[in-house]
């Protein structure tokens, strides 16, 4: 199966206005009028948002995957993203109301690569990692690809996107660690049968790092590629702060740290050195110069 070359629009900075705020389980969904960001969007890309207001000491932006993007036409372009409240930045953001202005930069990052022709695919989302898979599903369906979607989370309140996914493709498989929704277990439990049933030629996934590693291993066992969008903390979103580096094998076999926000967030799962995430492998390009720091 061949993959199309990834094309990216030049990101823009603009002031967007919050159009809608909706609470969904443990998440907050925002719809923001941001025609510049919406115009260049491709599935898998994200937006970086300034948080804390004009007088804040929080200098770094917070990054969120985009979904539900509607480019401008007869109406101003809108974007949607989902926020899980974790720290000071997201605590401030989830308390913002309709009409609030947000400083945005986007669309950022490498989007999901699409097959050159219709190809059956399984999409796997963990928690709010389902968000970027919904516009991807729309793009694959527009190509004529058959798709299945598996959604998982630790518990039912942490699931995201089940209803819009069902409206889009019909049947959706749901798993939760505690069995509070769907079948009890992990998203990788039904993945092999979905691949075989569909005759899938590719797997796409977004979610926690451990889940992405497991999805990549299942795909490799079926001799098909997996394209995964990582959920690393991307503090600046433009490759400056180096907070989101991952050890990745290049096409020449050489491993080096790459920035998830610039070279990613989408990677081929087989190239990410999952066991070495958060460490400094001795064979990594430049590791000798970084040792002891």
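Take the conditions (1) surrounded by 15 or more Cβ atoms within 10 Å (Cβ to Cβ); (2) over 19 Å from the mean Cα position of the chain (by Cα); (3) closer than 25 Å to residue 66 by Cα; residue 189 misses just one of them, which is (3).
Here is a yes/no grid of residues against (1) without any contact (Cβ under 8 Å) to a residue 24 or more places away in the chain; (2) within 22 Å of residue 158 (Cα to Cα); (3) in contact with a strand residue (DSSP E or B) (Cβ under 9 Å, 6 or more places away or on another chain); (4) in the same structural domain as residue 66 (by TED's automatic domain parsing):
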residue	(1), (2), (3), (4)
189	yes, yes, yes, no
195	no, no, yes, no
204	no, yes, yes, no
216	no, no, yes, no
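For region 222-248, residues that are without any contact (Cβ under 8 Å) to a residue 60 or more places away in the chain and outside any loop (DSSP other than H, G, I, E, B) total 6. Scan region 50-63 residue by residue and report those that are within 15 Å of residue 239 (Cα to Cα) and in contact with a helix residue (DSSP H, G or I) (Cβ under 9 Å, 6 or more places away or on another chain). Hits for region 50-63 are 60, 61, 62.
Rundown of residues vs (1) assigned to a strand (DSSP E or B); (2) within 14 Å of the chain's Cα centre (by Cα); (3) surrounded by fewer than 15 Cβ atoms within 10 Å (Cβ to Cβ), yes/no style:
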residue: 72; (1), (2), (3): no, no, yes
residue: 79; (1), (2), (3): yes, no, no
residue: 82; (1), (2), (3): yes, yes, no
residue: 98; (1), (2), (3): no, no, yes
residue: 107; (1), (2), (3): yes, yes, no
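The residues listed here are 194, 205, 219, 214; of these, the one that is at pLDDT 95 or above, crowded, with 24+ Cβ neighbours inside 10 Å and assigned to a helix (DSSP H, G or I) is 219. Would you say residue 149 is over 17 Å from residue 83 (Cα atoms) and outside the structural domain of residue 86 (by TED's automatic domain parsing)? Spelling it out, residue 149 is indeed over 17 Å from residue 83 (Cα atoms) and outside the structural domain of residue 86 (by TED's automatic domain parsing).
Residue 254 fulfils the conditions (1) touching a residue at least 60 places away in the same chain (Cβ under 8 Å); (2) more than 23 Å from residue 48 (Cβ to Cβ) except for a single criterion, (1). Filtering region 118-140 to residues that are under 13 Å from residue 198 (Cβ atoms) and part of a helix (DSSP H, G or I) leaves only 140.
Set side by side, the residues 252, 283 differ, and just one is outside the structural domain of residue 136 (by TED's automatic domain parsing), assigned to a loop (DSSP other than H, G, I, E, B), in contact with a strand residue (DSSP E or B) (Cβ under 7 Å, 6 or more places away or on another chain) and farther than 30 Å from residue 177 by Cα, which is 283.
Taking the criterion of being surrounded by fewer than 23 Cβ atoms within 10 Å (Cβ to Cβ), in contact (Cβ under 8 Å) with a residue 40 or more places away in the chain and in contact with a helix residue (DSSP H, G or I) (Cβ under 6 Å, 6 or more places away or on another chain), would at least one residue in region 117-133 satisfy it? Checked against the condition, which is being surrounded by fewer than 23 Cβ atoms within 10 Å (Cβ to Cβ), in contact (Cβ under 8 Å) with a residue 40 or more places away in the chain and in contact with a helix residue (DSSP H, G or I) (Cβ under 6 Å, 6 or more places away or on another chain), region 117-133 yields at least one hit.
The values are calculated or read from the model by the stated rules, or taken from the named source; none is laboratory data. Being a predicted model, the structure only gives us computed values, none of them experimental. Ideal geometry is used to build each Cβ from the backbone, glycine not excepted, and the neighbour counts take in all protein chains shown.
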